[in-house]
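What follows is a single structure, written as structure tokens, with notes after it.
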Amino acid sequence: MPTISEAIQTAQISQHEAKIILAFILKQSKAYLITNVHQNLTEVEADTFSKLIKRRQAGEPIAYLTGVKEFYGRPFIVSPSVLIPRPESELFIEIIKELSPANPVTSALDIGTGSGCLAITISKEHPGAKVTALDNSQEALKVAQQNNAQLETNVKLLKSDLLEQIPKSTHVDYIVANLPYIDPNDPEIMPQVAEYEPSEALYSNQNGLAHYAKLFNQIKAKSISFNYVLCEVGHKQQEAMTALIQKTFAKTPTWRYDLSGKPRICILNK
Ligand SMILES: C[S@@+](CC[C@H](N)C(=O)[O-])C[C@H]1O[C@@H](n2cnc3c(N)ncnc32)[C@H](O)[C@@H]1O
């Protein structure tokens, strides 16, 4: 059987990824691999390693192979039922941190929670806040509940078509939404994303903004009051999203940009 070092050298994927996969199989840290390069793998470990390497070579995201993805410094369980949390969505947490000294987070709603990464991180960073997370996918909610348990938060999880299950005239300090926003006709979607991530988490009609249009109509129709609504969209949707918000709320949102300078999250103030 190969040693740790031989397995990594011959994996035919990047050494970085090979180490992540091997550390996951051995239930050890990457540092362990470095200090135990001469350890032989067992037959089962070698077999599992070669199967996972083949799946990675075929394009499957590494987070689905290991079942975990870090978000804002914490490990989140993921499965193919949920979108893999993206580093650019950490901007939600940064924005709320900036706004919260003047506008404390006593309550928050996360719409389309997926793995629960936004709701659970808000709960962790703002202890005492009453956080509710909604998704219409029962499978996604199961994953969010696993994260709620393993990260020891008390987020309330609800199956709901956007805000349908939220009573009329509810007040919530912060509404966050990272809803599906990819136009189904967008040719730019990465093949690995399209092939492996759940389509219900990705696509939305009306040039990608149908979910947000419906959400905004629900906020108005149900007289939901808020201090801030924060929504993530794609970099080509700034103009259309601004127009949608202006049309629905007669207000102009401000925008925040991701690390590559692209408009990413819009902020609607009450
Ligand atoms: C882009 S993913 C975002 C997941 C997570 N918030 C994140 O940032 O990683 C969108 C999520 O919205 C959910 N979703 C799609 N349509 C929905 C609807 N009508 N009502 C509630 N959730 C919905 C999907 O199941 C998916 O989990």
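Which one of LEU141, LEU157 is within 12 Å of the ligand (Cβ to nearest atom), within 16 Å of the chain's Cα centre (by Cα) and more than 15 Å from ALA177 (Cα to Cα)? Before you say what the answer is, go through the steps one by one.
Numbers: LEU157 fails: more than 15 Å from ALA177 (Cα to Cα).
Going through LEU141, LEU157 in turn, just one is within 12 Å of the ligand (Cβ to nearest atom), within 16 Å of the chain's Cα centre (by Cα) and more than 15 Å from ALA177 (Cα to Cα): LEU141.
Sort out for me the helices (runs of 4 or more DSSP H) sitting completely within segment 165-270 that have 3 or more residues that are at pLDDT 95 or above and in contact with a helix residue (DSSP H, G or I) (Cβ under 7 Å, 6 or more places away or on another chain). Please lay out each step first, then the result.
Working: elements: 191-196, 205-208, 210-221, 238-249.
In segment 165-270, the matching helices (runs of 4 or more DSSP H) lie at 210-221, 238-249.
Among the residues of segment 197-206, is there at least one that is more than 11 Å from the ligand (Cβ to nearest atom) and buried (at least 16 other Cβ atoms within 10 Å of the Cβ)?
We begin by selecting, within segment 197-206, every residue more than 11 Å from the ligand (Cβ to nearest atom); these are 205-206.
Now narrow it down to the ones that are buried (at least 16 other Cβ atoms within 10 Å of the Cβ): none.
No, every residue in segment 197-206 fails to be more than 11 Å from the ligand (Cβ to nearest atom) and buried (at least 16 other Cβ atoms within 10 Å of the Cβ).
Residues LYS247, LYS262: which one is touching a residue at least 12 places away in the same chain (Cβ under 8 Å) and surrounded by fewer than 20 Cβ atoms within 10 Å (Cβ to Cβ)? Reasoning before the result, please.
Numbers: LYS247 fails: touching a residue at least 12 places away in the same chain (Cβ under 8 Å).
Within the list LYS247, LYS262, the selection yields LYS262.
Taking into account only those residues within segment 101-118 that are within 11 Å of the ligand (Cβ to nearest atom) and over 16 Å from PRO75 (Cβ atoms), which is most open to solvent (accessible area, probe 1.4 Å)? Talk me through it step by step, then tell me what you get.
Looking only at segment 101-118, we keep the residues that are within 11 Å of the ligand (Cβ to nearest atom), and these are 110-118.
Keeping just the survivors that are over 16 Å from PRO75 (Cβ atoms) gives 110-113.
Details: ASP110: 2, ILE111: 1, GLY112: 29, THR113: 8 Å².
Residue satisfying both the conditions and the ranking: GLY112.
Quick check: anything in segment 114-130 touching a residue at least 60 places away in the same chain (Cβ under 8 Å) and not in a strand (DSSP E or B)?
Of the residues in segment 114-130, the ones touching a residue at least 60 places away in the same chain (Cβ under 8 Å) are 114, 118.
If we keep only those that are not in a strand (DSSP E or B) as well, we get 114, 118.
Looking through segment 114-130, at least one residue is touching a residue at least 60 places away in the same chain (Cβ under 8 Å) and not in a strand (DSSP E or B).
Only one residue in PRO85, PRO75, PRO80 is under 27 Å from LYS142 (Cβ atoms) and part of a strand (DSSP E or B), so which one is that? Walk me through it before giving the result.
On the way: PRO85 fails: part of a strand (DSSP E or B); PRO80 fails: part of a strand (DSSP E or B).
Just one listed residue meets the conditions, PRO75.
The values are calculated or read from the model by the stated rules, or taken from the named source; none is laboratory data. Bear in mind that the values here come from a model prediction, so they are computed numbers and not experimental data. Note: ideal-geometry Cβ built from the backbone for every residue, glycine included; neighbour counts use all protein chains shown. All accessible areas refer to the heavy atoms of the entire protein, side chains included, with ligands and DNA or RNA removed. Shrake-Rupley method; radii C 1.70, N 1.55, O 1.52, S 1.80 Å.
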